[in-house]
Amino acid sequence: MKLKCLSFILLFLAGCNMPDVKTGKSLSYHFDAPAKIWEETFPLGNGRLGLMPDGGVETENIVLNEISMWSGSKQDTDNPQAYYSLAQIRRLLFEGRNDEAQELMYNTFVCKGEGSGQGQGANVPYGSYQLLGNFVLDYDYQDAADSISAYRRELNLDNAIATASFKKGKVNYGREVFTSFADDLGVIRLTADADRALNFSFGMNRPEHYQVTADGNDLLMQGQLPDGVDTLEMKGLRYASRVRVLLPKGGTVTPGDSMISVHNASEAILLVSMATDYFDKDPDGKVASLLANAEKKDYASLKKAHVAAYRSLFGRVELDLGRSSREDLPMDERLAAFNEDHNDPSLGALYFQFGRYLLISSTRVGLLPPNLQGLWCNTINTPWNGDYHLNINLQMNHWPAEVTNLSELHLPLVEWTKKQVASGERTAKAYYNARGWVTHILGNVWEFTAPGEHPSWGATNTSAAWLCEHLYMHYLYTLDKEYLKEVYPVLKGASLFFVDMLVEDPRNKYLVTAPTTSPENGYKLPNGHTAHICAGSTMDNQIVRELFTNTIEAAGILGIDSDFAGELSAKRARLMPTTIGQDGRIMEWLEPYEETEPHHRHVSHLYGLYPGNEISMEQTPELAEAARKSLIARGDKSTGWSMAWKINFWARLHDGDHAYKLLADLLRPCVDRKTNMTNGGGTYPNLFCAHPPFQIDGNFGGCAGIAEMLVQSQTGRIELLPALPSAWKSGSFKGLKVRGGGEVSAKWSEGQLTEAGLKALVTDTFRIKLPANSANMSIKINQKSVSLPVVDGMLVVDLQAGDQLGLMF
Ligand code: FUC
């Protein structure tokens, strides 16, 4: 009787806790059918190589990528005549004749040559990031008429492995695919649970410039891409891909001319090795040596090493927002259900971890930063050349790097930025006769730093400065002085450019950037014409102010360049401050122009709210209110990355519910499930962000936005749960990072913080804003109870590297 009673109470308690909410993490998503479109396939990547299997039953296509697979070549794209038109362009701008200034720029202040080829640059020197190829498997089943049942394909973010399984007739087939973080090649394992049931052939192809041959039992694809100069001969990048098949349980391999067949096997391991000569002089040698190294290991060891290497990055952060019954739905249905009713907390956590997964998978220390599509593309001319757009996109790709504890994945961007400096110095001279370095909106792997081919979007010149924000951000999170010393010249060079380039606007006496834009918004002039080109946009002022501030601070920390720092601070004082217009919004331009597109996707004039920090609820409440009004006027719905940016804005404005609303907008399924047509910004079935088309920046911006809802540290103090939405009532996280070198954790229940932790990674003083319910807080350092002073709701604590602070509320 007693026992019965106890089990009833336990059942009742368990029931109270979970209408349909369990705790713990759910780190995978799945489909119950093969992919019909590429944006339904799973992205696998190890920072260099990408594989995207579609899980087809009869024929399976796996798109192959390599991060350096770029056509084009290094060119001089600076227009030597440009500088001679600068004075005239400025004169027109200062006379309010912006439309005429813009007209003049079409012929003078653009790059030499074809620039990005209007985003179709595969055959011009700018080049295009493109697929390496397709790996195609044709399966041959003993009884083709047997029906398929129990189909499931899944991507597990916890081990970075994609699986597919199904039953055909009486045979169970299984597939596992990963891009090894340890052995640097793609690994595919095919199984059948009946003897000799695995029969298939495989080949490789791509739309152009390739040759496929069988070399013994290997299949080899090789080729060379156009450099964009000589269109008759391929003189660009060389690449190679070599696939080896291993049959650990028997079967036969029969090479053909350009394909290989496997018969009577029950298990096959396919090793897919790829390389280009961008990093390795000898891609053929590289693919062969990677294969030779991997084939010595059995599948279990390859898999174990891969998972361990991947988890060393992925495992640093945990986020639990509760579980939901919708986890059992295939992802396309789950997104559709979320669009109807936003109650699926674990989808937010999954989307957050997916962003981290994508960053880990699309960049690697020593290689390239993730491009517009990370490293995944399936065509020759990737949209916008799959390049490094610099007026938001490349930067957004790195927003999660520090806060989500993947600090070293910021370094490929740092290295890429350093590589632009020499070219950027030439561009600074050619266009502005300025010292230092500059880059505009376009970036590729060939150090293109000139303005784009169209001034309305191509003339933004604060991109180098914005990149420097990332360089300094890495320092703020790590406090690594050696690193700061190394990047300081890059910051100094970017600042030096503006020391020379800023010019006094005779109308208001401010120092302004000219010519420039507020990316990529246009406005109406009093004469009724529209223009994009202006003098001193608000975004430029905010970015230049921040660059000067960071450079001054860095010089101070390193104890160098005090005269230069003094010069910067004098110039900084002459920039126009962020200003509120008559309509109560932040002015986007120095003049009260009316924007041509009030809902424009770029929200550049709020740079100072996010990622910058000159606008905040605590320190500049009037500007924060004006930023809020600006956001309301801009509207929520937009392109993918724009909505992702707005999550971050609303999080900085401490409005968790509005941030959550934007997350829901970002997760809107953008593919019509009947027609497979894409419609508007949102999310593809495989969770890729839709600009549309697929652009990965929104995935990263969304991931960073979720982090921003949970912790902020941009105003010199740590704030936990600054924008917690009511939808995430209870939850916990571990391992997020804050400026000043700390790792934080938190637990909350019914929207109230119950526990918090801070681990000091470097010796530092930390300030923590305490929640309202902190009167009876207990404090521990390294498990020992201590008492610490609380001043103005702020706990100030000095910690040694390795110390752990614990707070219970
Ligand atoms: C910027 C944006 C576009 C697009 C492109 C790749 O120019 O304005 O919306 O994201 O980058």
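Observations on the model:
- For the range 86-236, fraction of C-alpha pairs farther apart than 22 Å, in %: 66
- Taking all protein chains as shown and a probe of 1.4 angstrom, Ser325 keeps an accessible surface of around 70 Å².
- Cα-based reach from Lys637 at 15 Å (exclusive), listing aspartates and glutamates while leaving out same-chain residues under 8 positions away: Glu597, Asp665
- Projecting label points 7 angstrom from Cα along Cα→Cβ for Ala801 and Val762 puts them 0.9 nm apart.
- Residues Glu408 and Arg311, FRET efficiency given R0 of 22 Å [Cβ-Cβ distance, rounded to 0.05]: 0.90
- Using Cβ point charges alone (K and R +1, D and E -1), the dipole size of the chain about the Cα centre works out to roughly 1760 debye.
- Spin-label pair Glu594/Glu482, simplified geometry with 7 Å Cα→Cβ offset, distance in nm: 5.9
- The ratio of the alpha-carbon radius of gyration of the range 687-759 to the globular-protein estimate 2.2 N^0.38 Å is 1.25.
- R0 of 56 Å, Cβ-Cβ distance Ala772-Lys170: FRET efficiency to nearest 0.05: 0.30
- For the chain, the equivalent ellipsoid built from the Cα gyration tensor has semi-axes of 43, 36, 24 Å, listed from largest to smallest.
- For Lys524, the lysines whose Cα falls under 22 Å of its own Cα, not counting residues fewer than eight places away in the same chain, are Lys629.
- Calculated [222 nm] ellipticity per residue, helices only, for the chain: -10000 deg cm²/dmol; basis is -39500 (n - 2.57) per DSSP H run with n ≥ 4, divided by all residues, nearest 500.
- Accessible carbon and sulfur surface of the range 675-809 relative to its total accessible area, %, 1.4 Å: 49
- Extension gain (nm, one decimal) between Met808 and Glu618, 0.36 nm per residue minus Cα-Cα: 65.9 nm
- Of the whole protein surface, Trp437 contributes about 0 Å² of accessible area at a 1.4 Å probe radius.
- FRET efficiency, Asp32 to Arg435 (Cβ-Cβ, R0 51 Å, nearest 0.05): 0.25
- Taken over the Cα atoms of the range 338-415, the convex hull encloses 126 Å³ per residue.
- Extension gain for Asp657-His209 works out to 156.2 nm (0.36 nm per residue, less the C-alpha to C-alpha distance).
- Between Val229 and Thr579, the contour length at 0.36 nm per residue exceeds the Cα-Cα span by 121.3 nm.
- Spacing of the two label points (7 Å from each Cα toward its C-beta) at Thr59 and Ser569, in nm: 6.8
- Electrostatic dipole magnitude of the range 536-690 [Cβ: Lys, Arg +1; Asp, Glu -1; Cα centre; debye, to 20]: 680
- Relative contact order (%) - the range 344-439, alpha-carbon pairs under 8 angstrom, separation at least six: 24
- With contacts taken as Cα pairs under 8 Å at a separation of at least 6 residues, the chain carries a relative contact order of 12 percent.
- Surface accessible to a 1.4 Å probe, per residue, for the residues of the range 691-808, Å²: 40
- Rg followed by Dmax, in Å, when the range 290-404 is reduced to its Cα trace: 17.7, 52
- Among 188-198, 335-345, 456-466, the order from most to least packed when residues are scored by Cβ within 10 Å on average: 456-466, 188-198, 335-345
- Only lysines eight or more places from Lys509 in sequence, or on another chain, were considered; those with a Cα closer than 17 Å are Lys571.
- Rounded accessible area per residue of the range 469-602, 1.4 Å, Å²: 38
- Surface composition of the range 512-632: carbon plus sulfur atoms contribute 51% of the solvent-accessible area (1.4 Å probe, protein chains only, all chains present).
- Averaged per residue, the range 28-183 has 35 square angstrom of accessible surface, using a 1.4 angstrom probe with ligands and nucleic acids left out.
The values are calculated or read from the model by the stated rules, or taken from the named source; none is laboratory data. Remember, predicted model here, so these are calculated numbers, not experimental data. Note: ideal-geometry Cβ built from the backbone for every residue, glycine included; neighbour counts use all protein chains shown. The accessibility values were calculated without ligands, DNA or RNA, using every heavy atom of the protein model including side chains. Shrake-Rupley method; radii C 1.70, N 1.55, O 1.52, S 1.80 Å.
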